[in-house]
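> Below: one structure in structure tokens.
The values are calculated or read from the model by the stated rules, or taken from the named source; none is laboratory data. For clarity, every value in this text was computed on a predicted model and none was experimentally measured. Methodologically, a virtual Cβ is constructed for each residue, glycine included, from the backbone with ideal geometry; neighbour enumeration extends over all protein chains shown. Just so you know, the surface numbers come from the protein's heavy atoms only, side chains and all, with ligands and any DNA or RNA stripped out. Shrake-Rupley method; radii C 1.70, N 1.55, O 1.52, S 1.80 Å.
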Amino acid sequence: MKPTVVRKVARPDAGVVKTLGDLGVATVHEAQARTGLMRPFMRPIYPAAKTSGTAITVSCHPGDNLMIHAAIEFCRQGDILVVTTTSESTDGMFGELLAESARAHGVVGLIIDAGVRDVKDLTEMDFPVWSKAVSAQGTVKATAGSVNVPIVCAGTMVCPGDVIVADADGVVVVKKEAAAEVSRLAAERFAKEQKARERLKAGELGLDFYGLRAKLTELGVRYLDELE
């Protein structure tokens, strides 16, 4: 693809994005038929990191963060930068100064299938980042890439405007056109889990609550008072 920057992004309703973020990665992932989850190597740089927002997608040359700078011009409040590279990279492509710039333009987090640097500073800023690596290896600004085009980040397709939910469980992507429906399904699932939680806390066995005794019988499991 020829290097391209798309200026305008259609974003889903902000209330839907917030609801999805409040429900969290695990619930949202289950609610959309266990799809959209990025690879488990994408980890938050500090344990309490949590965010949700709309994707501004960035495709960079490895070791070159020029297009991250280009993307920030088109960010607005509630956006998340989602960055991939055209071949594998662990270089530290984002640090404190870029975070300051991004935050000034409304960015609420970064998802990057590469490395980040200045982790101490980013943590003190409470700027949430999920990355493949942490590396002080610097980058250049020399090669064109693209902004707001479909990309694959950590094994998952992301289109500009998709909803990103990220927390200690990882990162999940919700397609913007499905966001309202997934939000509804996730809220229903959360309410159902709340009821289950109370029954399990009261001591009811999962075997009985989930009807698993019949499954054990079907699988031929036998119960003995002692090993024969």
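> Enumerate the calculated ³J(HN,Hα) couplings along segment 66-83 in order (Karplus 6.51 cos²θ - 1.76 cosθ + 1.60, θ = phi - 60°), each rounded to whole Hz, writing x wherever the residue is Gly or Pro.
3, 6, 5, 4, 5, 5, 4, 4, 9, 8, 9, 3, x, 7, 10, 6, 10, 10
> Express in whole angstrom the spacing between the alpha-carbon centres of segment 184-211 and segment 91-168.
Using only Cα atoms to place each centre, the spacing works out to 36 Å.
> To continue, here is another question. With every protein chain kept in place and ligands, DNA and RNA left out, what is the accessible area per residue of the chain? Probe 1.4 Å, answer in Å².
52
> May I pose another question? Once phi is turned into ³J(HN,Hα) by the Karplus curve 6.51 cos²θ - 1.76 cosθ + 1.60 with θ = phi - 60°, what whole-Hz value does each residue of segment 26-31 show in order, with x for glycine and proline?
Karplus values, whole Hz, x for Gly and Pro: 4, 5, 5, 4, 5, 5.
> Specify which residue in the list 174, 207, 47 is farthest towards the positive end of the charge dipole of the chain, using unit charges on the beta carbon of Lys, Arg (+1) and Asp, Glu (-1), about the Cα centre.
174
> Taking chymotrypsin sites (Phe, Trp or Tyr not before Pro) as exposed when DSSP calls them loop (any state but H, G, I, E, B) and at most 16 other Cβ atoms lie within 10 Å, what is the longest stretch of the chain free of them, the sites themselves excluded? Mind dumping the intermediate values first?
Details: sites that count: 41, 210, 223.
In the chain, the maximal stretch lacking such sites is 42-209.
> Which GluC sites (Glu not before Pro) from segment 30-96 combine a DSSP loop assignment with at most 12 other Cβ atoms within 10 Å?
Loop-located and lightly packed - 73, 88.
> Relative contact order for segment 137-228: what is it in percent, counting Cα pairs under 8 Å that are at least 6 residues apart?
11
> Here's something else I'd like to know. Suppose a student asked you for the relative contact order of segment 1-102, using Cα pairs under 8 Å spaced at least 6 residues apart; what percent would you report?
On the way: 80 pairs, mean separation 25.8, N = 102.
Relative contact order, segment 1-102: 25 percent.
> Too long at a 27 Å Cα-Cα cut-off: which of 120/201; 18/201; 132/175; 50/120; 2/175?
120/201; 18/201
> Mind listing the phi-derived Karplus ³J(HN,Hα) values for segment 221-228, rounded to whole Hz, using 6.51, -1.76 and 1.60 with θ = phi - 60°, and x for any glycine or proline?
Computed from phi, the couplings for segment 221-228 are 6, 10, 10, 10, 6, 7, 5, 6 Hz.
> Turning to a different aspect of this structure: Any idea what the relative contact order of the chain is, in percent, if you count C-alpha pairs under 8 Å spaced at least 6 apart?
This gives 29 percent for the chain.
> Please work out how much accessible surface residue 149 shows to a 1.4 Å probe, ignoring ligands, DNA and RNA, in Å² rounded to 10.
10
> Which sequence of 156, 217 reflects their accessible areas, 1.4 Å probe, from the largest down?
Sorted descending by solvent-accessible area, the residues read 217, 156.
> Moving on to the next point. When the accessible area of segment 1-109 is computed with all protein chains present and a 1.4 Å probe, what percentage of it is carbon and sulfur?
53
> Additional query: Give the label of the value calculated from the structure for mean projected area of the Cα convex hull in nm², choosing from (1) 16.6; (2) 18.9; (3) 12.7.
Correct label is (1).
> Using the crude model of +1 on Lys and Arg Cβ and -1 on Asp and Glu Cβ, and no other charge, please compute the dipole size for segment 10-118 relative to its Cα centre, in debye to 20.
Computed about the Cα centre, the dipole is about 320 debye.
> What do you reckon, how do 18, 215, 201 stack up by accessible area (1.4 Å probe), largest on top?
So, going from the largest accessible area down, we get 201, 18, 215.
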